[in-house]
1. With respect to the numbered conditions (1) surrounded by 17 or more Cβ atoms within 10 Å (Cβ to Cβ); (2) under 19 Å from the mean Cα position of the chain (by Cα), which one is the sole condition not fulfilled by Gly105?
2. Within segment 154-177, track down each residue that is open to solvent by 20 Å² or more (accessible area, probe 1.4 Å) and under 18 Å from the mean Cα position of the chain (by Cα).
3. Of all the residues that make up segment 214-236, how many are under 22 Å from Ile52 (Cβ atoms), surrounded by 15 or more Cβ atoms within 10 Å (Cβ to Cβ) and of a type outside the set (Ser, Thr, Tyr)?
4. Would you be able to say whether some residue in segment 10-18 is in contact (Cβ under 8 Å) with a residue 60 or more places away in the chain and within 16 Å of ligand 2 (Cβ to nearest atom)?
5. On the basis of being part of a loop (DSSP other than H, G, I, E, B), open to solvent by 20 Å² or more (accessible area, probe 1.4 Å), aromatic (Phe, Trp, Tyr) and touching a residue at least 60 places away in the same chain (Cβ under 8 Å), does Tyr187 make the cut?
6. Could you give me the residue pairs with C-beta distances under 6 Å whose first residue belongs to segment 43-67 and is at pLDDT 95 or above, whose second residue is in a helix (DSSP H, G or I) and away from ligand 3 (no atom under 16 Å from the Cβ) wherever it lies, and which are 6+ apart or on separate chains?
7. Answer with yes or no whether Gly148 is within 16 Å of ligand 1 (Cβ to nearest atom), farther than 21 Å from Gly30 by Cβ and open to solvent by less than 60 Å² (accessible area, probe 1.4 Å).
8. List the number of the failed condition for Glu129; all other conditions in (1) farther than 22 Å from Thr196 by Cα; (2) open to solvent by 50 Å² or more (accessible area, probe 1.4 Å) hold.
Amino acid sequence: MLKAIDEHQEQALQQDKVPQHVAITMDGNGRWAQKRGLPRYMGHSEGVKALISAVKFCVKKGISILTVFAFSTENWYRPKGEVNYLMGLMKRTFEKHIEELSSQGVRVVWIGDRNGLSKDITNIWLNAEELTKNNNRLILNIAFNYGGRNEITNATRRIVDEVLTGKINPEEITEELLSRYMYTGKYVDPDLIIRTGGEYRLSNFLLWQAAYAEWHITDTLWPDFSDEDFEIALLSFSRRQRRFGRVVE
Ligand code: IPE
Ligand code: IPE
Ligand code: MG
């Protein structure tokens, strides 16, 4: 039997030209710094500025959900100094910007593996979520300690637990149910995924959710990503014809 087309796909087929959900792999910070003879970490702090302006841009454009890849489950294997710098930067970024983002109606949601992190780091995220939980202008999903395979593995574990305790019947395991067990469970799949830094790879980002996303890959390095670059990505998206496997007249 044919699966009924889901509501979000239905809207997209009706030529919704502005994406509801945009995701970004913010790549190229290290190269941005190296090109200028600076240490890699300076690229990360410049990258925060690009993130804040991308968030404001989405608010302005009426995009409902922005999901950004900030730190992967594999990024822990970077040199210790870089990892420590990134953790400190994350803390400072929230301290500096959370009030302003909140006042613009941004709700911060942490997507990623919440296990095995220090209390310090966990609390930073929980506080940001708590402070912004009543906002609804823009959902800002920040992928931190995030890996697509990790997400699918964790979803599988939770589903198996619920089957074993009788909360779910195996026949109830559908694509829709799996979607709900992903870290992005409450939200529609991304319509558009942007990757800066020019690499043509997923790097373990949104493996499940990206099934029918449109891709926009740009050589622009993340700290240089401007409103104009964002406009170009949206324009490219608006010219695509999405088909979801069907034939569209
Ligand atoms: C992305 O920039 C930021 C993180 C992964 C935290 P990179 O640090 O990967 O920058 P490049 O790809 O080395 O230039
Ligand atoms: C992806 O970039 C992760 C983030 C942007 C946070 P990476 O720089 O880690 O990806 P690879 O190593 O080029 O695949
Ligand atoms: Mg990189």
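The values are calculated or read from the model by the stated rules, or taken from the named source; none is laboratory data. What you see is a predicted model, and the numbers here were worked out from it, not measured in a lab. Glycine also receives a Cβ, built like all others from the backbone with ideal geometry; neighbour counts cover every protein chain displayed. Only protein heavy atoms, including side chains, enter the accessible area calculation; ligands, DNA and RNA are left aside. Shrake-Rupley method; radii C 1.70, N 1.55, O 1.52, S 1.80 Å.
1. Against the list (1) surrounded by 17 or more Cβ atoms within 10 Å (Cβ to Cβ); (2) under 19 Å from the mean Cα position of the chain (by Cα), Gly105 comes up short only on (1).
2. Correct list: Asn154 only.
3. Residues in segment 214-236 being under 22 Å from Ile52 (Cβ atoms), surrounded by 15 or more Cβ atoms within 10 Å (Cβ to Cβ) and of a type outside the set (Ser, Thr, Tyr): 11 in total.
4. Within segment 10-18, none of the residues are in contact (Cβ under 8 Å) with a residue 60 or more places away in the chain and within 16 Å of ligand 2 (Cβ to nearest atom).
5. yes
6. From segment 43-67, the pairs are Val48/Thr93; Ile52/His97; Phe57/Asp227; Phe57/Phe230; Leu66/Cys58.
7. Taking the combined requirement at face value, the residue satisfies it.
8. (2)
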